[in-house]
Amino acid sequence: MNEITIGLSREDLPNSYIGRSVPRPSVAKLVEGRATYTDDVALPRTLHAAFLRSPHAHARFTVRDTEAALRVPGVVRVFTGHDLAALCTPWVATLEHLKGMKSAPQRPLPLDRATWQGEAVVAVLADTRAAAEDGALALDVEWEALPAQTDMETALKPGAVVIHPELGDNLAFRRTATHGDVDAAFATAHRVVEARFVTGRHTGVTLEGRSILADFNRADGTLTVHHATQAPHMIQEVLAQHLGLPAGKVRVVCKDVGGSFGIKVHVYPDEMAVAAMSVALARPVKFVADRFESFSSDIHARDHRILARIAVAEDGTIIGFDVDDLTGIGPYSVYPRTSAVEGNQVVNLCGGPYRFEHYRCTTTVVLQNKAATCQYRAVGHPIATAVTEGLVDLAAEALGMDPLELRRRNLIADDAYPTTSPAGMRFEGLSHHASLDKLLSMVPLDRIRADQAEARARGVFRGLGFASFIELTNPSPFMYGIGGARISAQDGCTVRMDPDGSVVAASGVTEQGQGTEAILAQIVAHGVGVSVGKVRVVTGDTLATPYGGGTWACRGAGIGGEAALQGALALKAQILEVAGAMLQARPEALDVVMGEVVDRATGTPRMPLGELGRILYFRGDTLPKDLPRELVQTRHYITKEYPFAFTNGIQASWVEVDTDTGMVTLLEHWCVEDCGRIINPLLVDEQVKGGIVQGIGGALYEHCLYDEQGNLLTTTMADYLVPMAAEMPEMHVGHVETPTRESLLGAKGAGEAGTAGAPAAVMNAINDALRPLGARVTEQPFTPARILAALGRI
Amino acid sequence: MKWPATSYRRASSLGDVWQAFAEGGAGVQLLAGGQTLLATLAFRLSEPALLLDITRIPTLRGIALHGGALRIGALTTHAGLGRDPLVARHAPLLAQAVPLIAHPAIRNRGTIGGSLANADPAAELPACAVALEATLVLASAQGERRVPAGEFFTGLLSTALRPGELILAVEVPIGRGGSITEIARRSGDYAMCGLALVGARPVFFGVGDGPVLARGAGAALARGDVEAACAALDTDLDPPTDMHGPPAMKRHLARVLLRRAAAPRQEQAA
């Protein structure tokens, strides 16, 4: 269908770039050190901010003296929470569609009480960052430590420290989804299997720390903010609203951004403080979080405890899931997306790949005195997938059934779409069975099972684990907009041709290193009919690009890509109209191929685009008076039929567990995913592999560890273990393509699939290895200590 | 964080060092490979008045046979240790240890003298030095003295080095053999537990406040009783809880390492 209308088939034209592995044009710039990160932007008279951060998880404080700090050479100003209260209004991070949600007002700097260790409480501005830090150390602040509520399990119990007394309790949000009759179904089921799952609190560890350079110009009343963010238009709205500026006077620019993973799509109080201080002083103010600050003040995620049950019939039919999720989100819900979304996603996604009748899932979202959690790559998916796939494996074990056979029996049939899940998610078209078949064509199952048996005979324990998953992409306003947040689900792209025949595309989606700009260039080159090298892409500037949402929740390709394609096709139509006038041909009889206007029927070159541009722009006098001259077109795109474009896939992990040391060696990993139309196979595979690595990080290594008093113990890269190359397995990525019919492009998101499924696959592989020993682990990360404890060795 | 304001000076001889110590006293911090020190500056855990760069002092360099021992200059980098033919021949345990030390970039700059002086309880080289019964050659303006490795490490990040003193070289008895094994979460990480075993001298690292010579286990090993050696670790070791796990896990891992190192063939058959 799409092939015929826009020539989207893979190899039919030299500029058929959609579906082709085109190297990212930005790679050379990035590896040569010629990127422009926020910290690379140098403005005259810039002040550098350093923050005194709370050493306590919960404490009252009084700023007793700032004179000593002001006497430090280079220090210019000190701002307290009270100083900033007059400059920036507080925010409350709730969304109307998350019924009953509550959170407390949060300010750039707190007035008199810190609620997590690492919270910025006083800002010092100086000529250099070093001087600002010296100033922060010279501040005299009196601390009165208060009891901290750190354990989410006791957050709602009598005796809990109520973090914000005005809220009455520590409950931020609770939601239960039900379908069918869980109690009755479970009471009569052949087998009910239950387990307790824990996912470890972890964080995103972007290579580039959070960065902001705010520059308020009093002369014209404009605030220009260079910012490492995924969502410049959202930040523009937030800054305008809380600093009391017209949105039109706020410009947010993000040139190169060094990794995001969701970390950079939120409003951080210290960054709001920077913007407020710039407005106050009418000078540029810069803040770049160092690694220590990143660990204690970037958002964390995935701090969940889940009690879950699955009911199955004798033949392996899944009857239902019953899930109780508890998550601690820190002292405030994070603005403006809220910290209830991760738990909400768990409710939406558990059991997602399967057909079953009875469903109950509750998420309870509580406050605690730890760093705030919020949306991080694959929000809620790794949790829901671990619960679902962990239970499916346990059910297979209880029934004595091959876990693949149990999956095959229960995965939603490929011809069952459209369909709606018991959790209420609407699926347009998924390919669970085709994906499973594809996976099994890649995984040498017989060889692996033989190897496993042979190894077990030698006392070596290897295991193979599987995890089917669904992933929510291409979000509509149902994600945030209906809740009242000014976050655009629509995105736009302006595509123009300049006199030399080169094309510039300005898009509202953004680039953080994943290659968004590369795929936009491919799509535009394909759509207009030029070589990809002729396309320059502009992103990350609220003044220069169409209004849009940015890049998050897997929307860059599916939403931004479709806007780019429509804009490119519109420009091509415009070019052909002009060309028709110049060549005295019908536009329909012409085409644009590799930068030349050609006869559509014969391919005979008629005119290079550079010549068309020359005549149009410089000799417009020779053209018909009524000819439209606009070689620029803008198109916007928003999904309308489905709230989300779901994708699906399945992963397999093959591991060896050293039962003496508890160490897990990852031997091999496979993933088949279906992100609809693949625009650039190379980039999709990179996304899937990077996502798998991030999922493995959560499964085996990454953990933000706090002690009982709420002190963060993992504050360096030596303590917080990120996955590293030496330990990563050989990864194989395969694809099934089920394009969404909502768009011409047919693309869905691909960035989170790897992360969604990897932890569950690794967990099931470890438990497959341990099964002969009667041991099982369900608490991530699966550390040597936990595996040895499960084995009864310690 | 940024470093505190600190002076920097490069010494070209030991005389320069003694002079700096005489002038600056406790404010002088020697800078060799800097692989630990510079990170502590960035965390403002240390605020020396003067960083005295000793990397250009020739007398701290070189590896040579010297009176029945292998004398290894304090500035020998981990990478240099790993590719030196004399080390490979006469002190192979040290060569074996090198790939376990952090990552290549750190091994290219970090030095043996720095590792010993820093005395990190999870570091490989202090344990090797104790297991090999190496001797540390220390020098100050007052002259040289020699301290057995077993007496050099005095507690958590602390050594027998006196103010105004530095490590000139390490002297390792030749021909001792030995093996080193460790269990680390990721390659290059500090070990959750490690063992340098030379004959009947098992020295553990990552399980105490410094390298721990397990004397009871060593006595059992001398009798050829591996199981008794493993059992003796219950009293030989008193590991602290750390982020990787409780003391019981460390003792368990120590037993695993000892069993594997002492009876590799027995372990394979099991």
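Rule-based calculations on the coordinates, nothing more; no lab input. Values in this document were obtained by computation on a predicted structure and should not be read as measured data. Note: ideal-geometry Cβ built from the backbone for every residue, glycine included; neighbour counts use all protein chains shown.
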Lysines within cross-link reach of A:Lys572: Cα-Cα under 19 Å, excluding same-chain residues under 8 positions apart? A:Lys534
Please give, to one decimal in nm, the separation of the simple spin-label points placed at A:Asp181 and A:Asp127, each 7 Å out from Cα toward the Cβ. 7.9 nm
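Would you mind giving the average projected area, over all directions, of the Cα convex hull of region A:182-253 in nm² with one decimal?
On the way: hull surface 38.4 nm².
That works out to 9.6 nm².
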Using modelled backbone amide H atoms (1.01 Å from N, in-plane), which distant-in-sequence or interchain residues come within less than 5 Å of A:Leu47's amide H? A:Val285, A:Lys286
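Restricting attention to region B:173-270, which GluC sites (Glu not before Pro) occupy a DSSP loop and are surrounded by at most 10 other Cβ atoms within 10 Å? Walk me through the numbers before you get to the answer.
Numbers: sites: B:Glu182, B:Glu227, B:Glu267; in loops: none.
Passing both the DSSP loop test and the Cβ count: no residue.
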Counting other C-beta atoms within 10 Å, and keeping those with at most 13, which DSSP coil GluC sites (Glu not before Pro) do you find in region A:290-364? A:Glu314
For region B:52-171, the convex hull over Cα atoms projects on average to an area in nm² of 7.1 nm²
Note down the nm distance, to one decimal, between modelled labels 7 Å out along Cα→Cβ at A:Asp437 and at A:Arg34. 4.8 nm
Give me the net charge of A:Leu281's neighbourhood, meaning all other residues with Cβ under 15 Å from the Cβ of A:Leu281; Lys, Arg count +1, Asp, Glu -1. +2
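As an exercise, use a Förster radius of 22 Å and the Cβ-Cβ distance of B:His103 and B:Ala64 to find the FRET efficiency, rounded to the nearest 0.05.
FRET efficiency, B:His103 to B:Ala64: 0.20.
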Once phi is turned into θ = phi - 60°, what whole-Hz ³J(HN,Hα) does the Karplus curve with 6.51, -1.76 and 1.60 give for every residue of region A:405-422, x standing for Gly and Pro? 5, 5, 5, 4, 5, 10, 4, 4, 5, 5, 9, 8, 9, x, 8, 10, 7, x
Can you compute the modelled spin-label distance between B:Tyr8 and A:Arg191, with each label point 7 Å from Cα toward Cβ, in nm? 6.6 nm
I want to verify a result. In a Gaussian network model of chain B, Cα cutoff 10 Å, which of these has the top mean-square fluctuation: B:Ala141, B:Ala97, B:Ala74? B:Ala141
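To one decimal place, what Kirkwood hydrodynamic radius in Å is obtained for region A:47-112 from all pairs of distinct Cα atoms? If you can, show how the numbers build up before the last one.
Working: mean 1/r = 0.0688 Å⁻¹.
Computed over Cα pairs of region A:47-112, the Kirkwood hydrodynamic radius comes out at 14.5 Å.
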For region B:1-120, diffusion coefficient by Stokes-Einstein and Kirkwood Rh (Cα), 10 °C, 1.306 mPa s, µm²/s: 103 µm²/s
Non-local amide H neighbours of A:Leu543 (under 5 Å, H modeled in plane, Pro and chain starts lacking H): which ones? A:Val252
Kindly provide the GluC sites (Glu not before Pro) of region A:582-677 that DSSP labels as loop, not H, G, I, E or B, and whose Cβ sees at most 16 other Cβ atoms within 10 Å. A:Glu630, A:Glu641
Starting from the eigenvalues of the Cα gyration tensor, five times each then square-rooted, give me the equivalent ellipsoid semi-axes of region A:355-429, largest first, whole Å. 28, 19, 12
Restricting the calculation to Cα positions, tell me the Rg (one decimal) and the Dmax (whole number) of chain A in Å. 27.4, 88
Region A:118-207: Rg/Rh from Cα coordinates, Kirkwood Rh? 1.19
Pairing the Cα long axis of helix B:247-262 with the longest principal axis of chain B, what angle in degrees results, from 0 to 90 and rounded to the nearest 10? 80 degrees
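For A:Met724 and A:Arg536, FRET efficiency with R0 = 30 Å and r from the beta-carbon atoms, rounded to 0.05?
Values: r = 36 Å, r/R0 = 1.18.
Given R0 = 30 Å and the Cβ-Cβ separation, E is 0.25.
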So who's got an amide H within less than 5 Å of the one on B:Leu31, skipping anything under 5 residues away but keeping other chains? H placed 1.01 Å off N, in plane. B:Leu52, B:Asp53, B:Ile54
Restricting to aspartates and glutamates and to Cα separations under 15 Å from A:Lys625, and discarding same-chain partners fewer than 8 apart, the set is A:Glu577
Per residue of region A:620-629, what does 6.51 cos²θ - 1.76 cosθ + 1.60 with θ = phi - 60° give for ³J(HN,Hα)? Whole Hz please, x for Gly and Pro, Karplus curve as stated. x, 5, 8, 9, x, 4, 8, 6, x, 9
Once you treat every alpha carbon in region A:520-623 as an equal point and sum by Debye, what is log10 I(q)/I(0) at q = 0.17 Å⁻¹? -0.82
In whole angstrom, how long is each semi-axis of the equivalent ellipsoid of region A:226-308, when you take the square root of 5 times every eigenvalue of its Cα gyration tensor and sort them from largest down? 26, 15, 13
State the Cα centre-to-centre distance between region A:560-613 and region A:639-683 in whole Å. 41 Å
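Between A:Arg741 and A:Met607, what FRET efficiency comes out of the Förster formula 1/(1 + (r/R0)^6) with R0 = 41 Å and r the beta carbon distance, rounded to 0.05? It would help to have the intermediate numbers written out before the result.
Details: r = 36 Å, r/R0 = 0.88.
About 0.70, to the nearest 0.05.
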Taking a point 7 angstrom from the Cα of A:Glu144 along the C-beta vector, which residues in region A:50-67 have backbone N less than 19 Å away? A:54-65
When only alpha-carbon atoms count, how far does region A:285-337 stretch along each of its three principal axes, as whole angstroms with the largest first? 65, 20, 16
May I ask you to list the lysines whose Cα is less than 27 Å away from that of A:Lys286, ignoring any residue fewer than eight positions away on the same chain? A:Lys29, A:Lys249, A:Lys255, A:Lys264, A:Lys370, B:Lys2
